1. Under a point spin-label approximation (7 Å from Cα along Cα-to-Cβ), what is the L46-S245 distance to one decimal in nm?
2. Given R₀ = 22 Å, FRET efficiency for A23-A98 by Cβ-Cβ distance, to 0.05?
3. Please label the shape of the range 123-169 as rounded, prolate or oblate, based on the square roots a ≥ b ≥ c of the eigenvalues of the alpha-carbon gyration tensor (a/c under 1.5 means rounded; beyond that, a/b larger than b/c means prolate, else oblate).
4. Counting other C-beta atoms within 10 Å, and keeping those with at most 14, which DSSP coil GluC sites (Glu not before Pro) do you find in the range 90-174?
5. Do any of K21/K258; K143/K258; K21/K143; K158/K258; K168/K258; K21/K105 go past 31 Å between their Cα atoms, and which?
6. So how do L41, L264 line up by other beta-carbon neighbours within 10 Å, fewest first?
7. If neighbour count is taken as other Cβ atoms inside 10 Å, put T8, T55 in order from fewest to most.
8. Tell me, in nm to one decimal, what length is gained between T55 and K258 on full extension, where the rule is 0.36 nm per residue of separation less the Cα-Cα distance?
Amino acid sequence: MTLHLCHTFLKLARETHDRLKAARSVGHQLLEETITDLNILALKSLHPTEIYCQTFTKPQEGINGADWEWWLTDPTRSRWLGLRVQAKVLELKSDTFAHLHYRPKRGRAYQSTRLKTAAEADGLIPMYCLYAHPPASATGWAKHGSNEAYGCALLQVKDVERLRRRGKSNDFVSVMSRAMPWALLVCIGSAWSSDGRTLTLPDVISGALLHGDPLFGFGEEEGATAGPRQPPRPGVRSAPPDYVSALMEGQPLADLDKALRGVLVIQGPLVDSRPPEGFQEWQQRRGMGSQGRD
């Protein structure tokens, strides 16, 4: 039986949670690269027609802390959303994300600032992928499902910047209470649209991450170039970079001229845009009539 992407992402989050739990019990610290490699292997094995990935071989000092590019697309490959992602694993001994506010010596920029700058240069949304297992003392932090669903979680860079302004907070609860399970990227079953438009995974996720509204700006080319010599704006675009197209077509990629550990493409389904049962009656009761949100 072929698993839905949603089921697989939830399964991998639970397995990551359990691996870190086992590591905690024997005093062993797992690394970001190990967990990422295991998850990518599972995704490619279980979803060979929906997951495309290439990892670049670089010197060890170039791999540690290097970013990933994640690209979301739909079955027609006509809508694309790019994320620039860096993985961070919970330090089990201290129950903190010890390197979340890392800054090299000699006054260089914070790592999160570098991630944000690199993302903006390519019109991508900067994110952290967190691997976590909660300490026994942590309660009330999970807002979008079970603790296990947060074994793999996503955190926006803007939230890291807020934590840094609050005294560089990096403890489990402070960080994870702002995160969301990574499965939410692909577990959207429906998103109502009052005019029955077809929605794609890139459209919905772009609206959610950039505007807090899954239907915001649907149909706009947010990722189009803003002007001459200006980088593309973060958001949905109609075509990916050439190296992403080459990856989808099975062509080998040379190492890119950027600090990337790899490129991952997730080809998700179209989103059901039909209004949920009883929605129109609910609109009328609220006096919204036909003026519902587009």
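1. Distance between label points: 3.2 nm.
2. On the way: r = 15 Å, r/R0 = 0.69.
My answer for the efficiency is 0.90.
3. On the way: a/c = 2.49, a/b = 1.37, b/c = 1.81.
Oblate is the answer for the range 123-169, as a/c is 1.5 or above yet b/c matches or exceeds a/b.
4. Taking the range 90-174 and a limit of 14 other Cβ atoms within 10 Å, no loop GluC sites (Glu not before Pro) are found.
5. Values: K21/K258 34 Å; K143/K258 35 Å; K21/K143 20 Å; K158/K258 22 Å; K168/K258 28 Å; K21/K105 33 Å.
Violating the 31 Å Cα-Cα cut-off are K21/K258; K143/K258; K21/K105.
6. On the way: L41 11, L264 24.
The fewest-first ordering by Cβ neighbours comes to L41, L264.
7. Fewest-to-most Cβ neighbours within 10 Å comes out as T55, T8.
8. 71.8 nm
Every read-out reported here was derived from the displayed coordinates using simple, explicitly stated rules and does not represent laboratory data. Since the structure is predicted, the reported quantities are computational estimates derived from the model, not experimental observations. In this analysis, Cβ positions are derived from the backbone assuming ideal geometry, glycine residues included, and neighbour counts consider all displayed protein chains.
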